Amino acid sequence: MNDLNAILEPGMLVQHPDKPEWGIGQVQSNIGGKVTVNFREEGKVVLDGTRIALMPIFDQ
């Protein structure tokens, strides 16, 4: 399997493609395909980077 989120680094802003209601999240860590993101509306979530392609946000 491919890590869809290999480019994500701590501090980057992302959105979950299937959960827009979670709002914008900030990547906390990206280790071994597990991406931890702190979303504004959902809180801290650990995601499987091989299954969900988070969408980076480069400007707001």
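All of the numbers you see were taken from the coordinates with simple rules; none came from a lab. Keep in mind it's a predicted model, so treat the numbers as computed, not measured. Using ideal geometry, Cβ is built from the backbone for each residue, glycine included, and neighbour counts are taken over all protein chains shown.
A few notes on this one:
- Think of each Lys and Arg Cβ as +1 and each Asp and Glu Cβ as -1; about the Cα centre, that makes the dipole of the range 13-57 roughly 140 debye.
- Applying Stokes-Einstein at 37 °C and 0.692 mPa s to the Kirkwood radius of the chain, computed over alpha-carbon pairs, gives a translational diffusion coefficient of 295 µm² s⁻¹.
- For the chain, with +1 on Lys and Arg beta carbons and -1 on Asp and Glu, the positive-most of Gly43, Val14, Met55 along the dipole: Gly43
- Placing dummy labels 7 Å off each Cα toward the beta-carbon, the span from Glu9 to Ile57 is 2.0 nm.
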